[in-house]
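This report concerns only the one structure given below.
The values are calculated or read from the model by the stated rules, or taken from the named source; none is laboratory data. From a predicted model like this one, the values you see are computed outputs, not experimental measurements. With ideal geometry, Cβ positions are generated from the backbone for all residues, glycine too; neighbour counts draw on all protein chains shown. All accessible areas refer to the heavy atoms of the entire protein, side chains included, with ligands and DNA or RNA removed. Shrake-Rupley method; radii C 1.70, N 1.55, O 1.52, S 1.80 Å.
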Amino acid sequence: MNRASTLRAEEIDGDLARAWDEMVVGRGVQADVFDTHAWASSWLATRPRRAEHVRVPAVFVGDRPLALLPLELDSTGRAHELGRGQRERTRVVIGTPEPRPDVLGALAGELRRLGIRELTLHRVPSRDPATHALLGALREAGYAVDVRERMTDMIESTPDGWSGYRARHRGFDSAVGQTTRRAGQLWKLRVVAYGAPGGPPLTAGLADHEELFDLSWKGRLGAAPERRRLLTRALDERGLARLYVLYAEDRAIASCLGVRIGPVMHWHTVAYDPAAALLSPGNVVHWRAQELAFAEGGLTLIDLLPGASPLKDRVSSERPALLDVCAARVPRRVLPLLRGAREVQRAVPIATRARMGRLRARVGAVPPGHAGTARRLEARPATEVPARPSPELTLDQPTLRLLTVACARRGPEEMRADWGPDDRWYRIGAGPLAVARVDIGEPVPTLREVVRYDPAYTLEAIALMLADLLASPVRYLDEVPVRDPRLRWPRTWTGLDPGVVDHAALGHADPDAADHAAAAPDAEADPGGREHGEHGAADAPGAHGAPGAHGVPGAPDAAGVPEAHGAPGALSRAEGA
């Protein structure tokens, strides 16, 4: 015989927690990660003070739960779903695809016995038959019920598997394939599935996932980092979590966290390195993760969670409504007035907080100050013979994509907007150690931007090496942008004209090798012959010697170059060396 009772948070033991999650798995296509005990417990663990307000009306047969509805109560008899503000959807938790009216009737009766006068539930799925059964049970228990559509789910049924799903979205599939092929000209892309059967453990990929969150606009694991960690750990312990990470060579550039419950795949979150935005890493990792999820086993529903986005719009086709439910023990004609008052009551603090936030930002804004005067420096060459063939990069499409990613721009057009008509890019070293943008239209070639692939080389060292390559003085400011990209220069890509590539003329990837090969034959007789100082000064010893923002942490020598890495030989002829 069924019995109804209400539990407090501390009364939920391990056996009940396991039974709770098993109920969610038993719901088939209605299974939802937000109904799990794993989600509820991770939310409560980060808000221990809220635990005293938690009540879980439930219906049991023996010790086995048949229905649960976790709520937060206040002292006035008002209740709402557990985790409001963080929860994407709300459902009554049952263990079967179809609801049992007698069980939900007993649950509604327990709500009344508990003294709940007003119940609000946000984002209740209209496609779930349990939703309509619960609304009927509330009405039979004496509650007036008001239902309004607020937003929509983003889902797609997939009874025909990956082939059918892919065919329905062939445009997106083609776009991802084209992006992957273009990126493959520079880097080898691969997706690793962590936590999947037969794959590496999920914990092995979490460091890359968290690093990508730090880099992305979402910040440190979003708005609730500790709750996300606890939830991921709890889902992984139950074998439900999947983490897919996209790598370009050995660097993680995007990740996608999913939750698999029976035939349903919930795509929980995507993060990517914004510097690699040109490669569409979020789209690529999501689409390849979909393919791997289908390969793992049959899926009948893809759930992208509520809320519109360009990605969701392209890969989901069903938009069932989500309902906001208000049930109160008042005359039916009074309920719309009560609900309107509650909405105003909820909206005023939100608007006030937003207005105060804007006011604080305006009051606390500090007018931009002067950062100081940038020093104008000049590196002078140790040779009068320029490198042959020229190390100038050929700006074809793959090289432009490479530079766009290295400079953390969204596209070649955005990157080239800062270039002058006479700007050229040069490759420095065989690695290369760096590539540099130089304005050759100035009376003296002027360094505008550096992409550095070896952090052992300071801006001063790169300028000196560039001067040697061009056999010309090179001017630059000590505030020239120096970018250290996460993605390395592709091993097989030169960026030069393939007909004239001569690796011996590209420079030296090994600083120790450079120390011997770059020195002039009479270096011993002329140790101070290389000049490097502020432009216009006849003698400015140490102008490049102070470690700057672009130096390598550690103990620098007098020229500002860390001895631990082996200073490039070009610096052995700089003043003050």
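Quick one: length gained pulling GLU52 to ALA175 fully straight, 0.36 nm per residue minus the C-alpha distance?
Contour length minus Cα-Cα distance gives 39.2 nm.
Which shape class, rounded, prolate or oblate, goes with segment 3-152 when its Cα gyration tensor gives a ≥ b ≥ c as root eigenvalues, a/c under 1.5 marks rounded, and past that a/b bigger than b/c marks prolate?
Values: a/c = 1.17, a/b = 1.08, b/c = 1.08.
Cα axes put segment 3-152 in the rounded bin.
If you roll a 1.4 angstrom probe over the protein chains with everything in place, what fraction of the accessible area of segment 252-338 belongs to carbon and sulfur, to the nearest %? Could you put the intermediate results ahead of the total?
On the way: 1650 of 2840 Å².
Carbon and sulfur together cover 58 percent of it.
What is the sum of charges around GLU296, taking Lys and Arg as +1, Asp and Glu as -1, for the other residues whose C-beta is under 14 Å from the C-beta of GLU296?
Values: positive: ARG242, ARG260, ARG288; negative: GLU291.
Result for the neighbourhood of GLU296: +2.
So what's the net charge close to ASP128: Lys and Arg +1, Asp and Glu -1, counting the other residues with Cβ under 12 Å from its Cβ?
Details: positive: ARG27, ARG89, ARG91, ARG123, ARG127; negative: ASP32, ASP35, GLU98, ASP153.
Local net charge: +1.
Counting alpha carbon pairs within less than 8 Å and at least 6 residues apart, what relative contact order, in whole percent, applies to segment 376-492? Mind dumping the intermediate values first?
Values: 195 pairs, mean separation 41.6, N = 117.
Result for segment 376-492 is 36 percent.
At a Förster distance of 25 Å, what's the computed FRET efficiency of ARG388 paired with ARG491, Cβ-Cβ distance as r, to 0.05?
On the way: r = 24 Å, r/R0 = 0.97.
Efficiency, rounded to the nearest 0.05: 0.55.
Could you run the Karplus curve 6.51 cos²θ - 1.76 cosθ + 1.60 with θ = phi - 60° over segment 409-421 and give me ³J(HN,Hα) per residue in whole Hz, x for Gly and Pro?
Here the 3J(HN,Hα) series is 10, 7, x, x, 5, 4, 5, 6, 5, 8, 7, x, x Hz.
Where the accessible area of segment 92-177 is counted over protein heavy atoms with a 1.4 Å probe, how much of it, in %, is carbon and sulfur? Walk me through the intermediate numbers first.
Details: 1890 of 3680 Å².
Summing carbon and sulfur atoms, their accessible area is 51 percent of the total for segment 92-177.
Please report the net charge: other residues with Cβ closer than 9 Å to the Cβ of TYR247, K and R +1, D and E -1.
0
What size of dipole, in debye to the nearest 20, comes out for segment 3-152 about its Cα centre when the only charges are +1 on Lys and Arg C-beta atoms and -1 on Asp and Glu C-beta atoms? Numbers along the way, then the final one.
Numbers: 23 positive and 22 negative charges, 85 e Å.
Charge dipole, segment 3-152, about its Cα centre: 400 debye, nearest 20.
Counting heavy atoms of the protein chains only and a 1.4 Å probe, report the per residue accessible area for segment 1-59 as a whole number of Å².
Values: 2680 Å² over 59 residues.
Averaged over the residues of segment 1-59, the accessible area is 45 Å².
Applying the Karplus parametrisation 6.51 cos²θ - 1.76 cosθ + 1.60 with θ = phi - 60° to the phi angles of segment 179-184, what ³J(HN,Hα) value in whole Hz is obtained for each residue in order, glycine and proline being reported as x?
These are the phi-based 3J(HN,Hα) values: 4, 5, 5, 5, 5, x Hz.
With the dipole of segment 90-135 worked out from charges on the C-beta (+1 for Lys and Arg, -1 for Asp and Glu) around the Cα centre, which of PRO101, HIS132, THR120 lies farthest toward the positive end?
Sorting the options by dipole projection puts first THR120.
Taking +1 at the Cβ of each Lys and Arg and -1 at the Cβ of each Asp and Glu, which of HIS80, PRO70, VAL24 sits farthest along the dipole of segment 3-152 towards its positive end, judged by Cα position relative to the Cα centre?
Selected residue: HIS80.
From zero outward in steps of 5 Å, how is the percent of C-alpha pairs of segment 376-492 spread across the bins?
P(r) for segment 376-492, in whole percents per bin: 2, 11, 23, 27, 21, 12, 3, 0.
On average, how much accessible surface per residue is there in segment 119-191, in Å², for a 1.4 Å probe, leaving out ligands, DNA and RNA?
Values: 3350 Å² over 73 residues.
With all protein chains present, segment 119-191 gives 46 Å² per residue.
Round to a whole number: what % of the accessible area of segment 376-492 belongs to carbon and sulfur, probe 1.4 Å? List each step's numbers first, then the result.
Numbers: 2170 of 4670 Å².
Carbon with sulfur: 47 percent of the solvent-accessible area.
Could you give the accessible area per residue of segment 376-492, probe 1.4 Å, as a whole number in Å²? Please report the intermediate quantities before stating the final value.
Working: 4670 Å² over 117 residues.
Dividing the accessible area of segment 376-492 by its residue count gives 40 Å².
Within segment 431-456, name every residue whose backbone N is under 12 Å away from a label modeled 7 Å from Cα of ASP396 along the Cβ vector.
In segment 431-456, the label zone of ASP396 (backbone N under 12 Å from the point 7 Å along Cα→Cβ) covers no residue.
Going by average Cβ neighbours within 10 Å, how do the peptides 400-407, 224-231, 463-470, 7-14 rank, with the highest at the top? Before the final figure, lay out each step's value.
Numbers: 400-407: 22.0, 224-231: 17.9, 463-470: 25.2, 7-14: 13.1.
Answer by packing, highest mean first, reads 463-470, 400-407, 224-231, 7-14.
Which shape class, rounded, prolate or oblate, goes with segment 202-306 when its Cα gyration tensor gives a ≥ b ≥ c as root eigenvalues, a/c under 1.5 marks rounded, and past that a/b bigger than b/c marks prolate?
It is oblate, given that a/c is not under 1.5 and a/b is not larger than b/c.
Determine the dipole magnitude for segment 376-492: charges of +1 sit on the beta-carbon of Lys and Arg, -1 on that of Asp and Glu, nothing else is charged, the reference point is the Cα centre, and the result goes in debye to the nearest 20.
Working: 17 positive and 18 negative charges, 99 e Å.
With only Lys, Arg, Asp and Glu charged at Cβ, the dipole is about 480 debye.
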